[in-house]
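Heads up: the structure comes next, in structure tokens.
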Amino acid sequence: MLVVFSSRAALAEPPPAVPSTPERIDLVYGAPPECPGAGTFHDEVRARVQGDWEAAPGELARRITISVTRRDEHYVAAIQFMNPQGQDVTRSVAGHKCEDVVNGIALVTALAIESRVEEALQQSEPEPAGAPEPKTTPVAAVEPKTPRAAAPRPAPSVPPPASRRGDTTRSRANDAVHLRFGAASMTSTGVGPDAAFGPALFATVELAGARLGLSGAALWSGLVHTGGVPARFQRLTARADGCPLALGKPSLSFEPCAFMELGSLHGQGKSTAQVLGTKGGSSLWAAPGLGARLLGELEPVVLVLELDGSVPLARQRFGVVTGGEAASSFKVPALVFGGELGVGIRL
């Protein structure tokens, strides 16, 4: 008798090999002429997604469509893609600057390519109602001569380094250089016995998140009386300030700043029937300080509200000469406070 033993495991066919080729993605992008072009958008996505994922012309690939449109005073970027469950997903990013919107939708696109759909949903909004259908350019797809199995969807990728993981819909405006300049009405203590008023001009360079500014101001106390002696005081200053960061949105932001003022403080007595002789005097003005600046922007106009405090390095005492005798009129205080309200243009 011949007995034959067989093994089910030995007779079973080996499992099919899983293709190692990554899923190919075909990005279709359209935007108004004033917005970043397709090349810039693709560079934004490539900076966030590593690997060989871009489809060649005519290659069978999963398509992701991005369409940027202008609606009234803002831009809307819409993206259409398919999630791992095979469902169509449409999301959008909106903003007043097209560069910001394209940068934000590039992040959502990168997350969609990596199948990180939950994160893509968190970084976007549903497409607004009444949105026009995105205009796309047809791309020919060449069918392979022999059938092949569809490439499996990649598993969620390992989270990128912290520097990329914290990359949100940041403002591209923060990466560019802008200039704002304008005029303001100022008030300050330390010019005379009472608060003084006057005009100011300012210019500020915005570089990334930092701000560097120069301004000039002229303040007059008006006619004041101290000890029965009439006098006028004037302060002319130039100021350099630096703000390490800007907090908030482009439409409403807050800038904490440090500054240094240099100039002159001048006092002049006025002759009257009771004042037989007068004598003026000038003093160097040097005062470091801190300021808090609030900006509201209605592009390209900006409104500026600032409060500040400074410490004069020299506390000059002023007086007048009456009848040959010197009389004290005013002494610079140890702390000086001021504020300004201005309007300008941001370029």
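The values are calculated or read from the model by the stated rules, or taken from the named source; none is laboratory data. The model shown is predicted, which means the values in this text are computed figures rather than measured ones. In this analysis, Cβ positions are derived from the backbone assuming ideal geometry, glycine residues included, and neighbour counts consider all displayed protein chains.
Overview of results
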quantity: Any hit, the stretch 312-319, residues being at pLDDT below 70, small (Gly, Ala, Ser) and assigned to a strand (DSSP E or B); calculated: yes
quantity: Hits in the stretch 100-121 - residues which are of a type in the set (S, T, N, Q) and over 15 Å from TRP53 (Cα atoms); calculated: ASN103
quantity: Meets criteria (over 24 Å from ALA208 (Cα atoms) and touching a residue at least 40 places away in the same chain (Cβ under 8 Å)) for SER67; calculated: yes
quantity: Scan of the stretch 229-259 for residues that are among the aliphatic types (A, V, I, L, M) and in contact with a Lys or Arg (Cβ under 9 Å, 6 or more places away or on another chain), ordered by number; calculated: VAL229, ALA231, LEU245, ALA246
quantity: Test: residue in the stretch 297-309 that is on the phi < 0 side of the Ramachandran plot, exposed (fewer than 14 other Cβ atoms within 10 Å of the Cβ), modelled with pLDDT under 90 and in a strand (DSSP E or B); calculated: yes
quantity: ALA47 vs. criteria among the small types (Gly, Ala, Ser), in the same structural domain as ALA110 (by TED's automatic domain parsing) and crowded, with 18+ Cβ neighbours inside 10 Å; calculated: no
quantity: Hits in the stretch 238-263 (condition: touching a Phe, Trp or Tyr at 6+ places or on another chain (Cβ under 6 Å) and not basic (Lys, Arg)); calculated: ASP241, LEU247, GLY248, GLY263
quantity: Set PRO57, PRO84: member being surrounded by fewer than 16 Cβ atoms within 10 Å (Cβ to Cβ) and touching a Lys or Arg at 6+ places or on another chain (Cβ under 8 Å); calculated: PRO84
quantity: Test: residue in the stretch 281-295 that is more than 25 Å from PRO193 (Cβ to Cβ), at pLDDT below 90, in contact with a strand residue (DSSP E or B) (Cβ under 7 Å, 6 or more places away or on another chain) and in a strand (DSSP E or B); calculated: no
quantity: Top-ranked residue of the stretch 268-280 - restricted to ones that are touching a strand residue (DSSP E or B) at 6+ places or on another chain (Cβ under 8 Å) and aliphatic (A, V, I, L, M), ranked as modelled with the lowest pLDDT; calculated: LEU276
quantity: The stretch 64-89, residues that are in contact with a Phe, Trp or Tyr (Cβ under 9 Å, 6 or more places away or on another chain) and modelled with pLDDT of 90 or more; calculated: ILE64, THR65, ILE66, SER67, VAL68, THR69
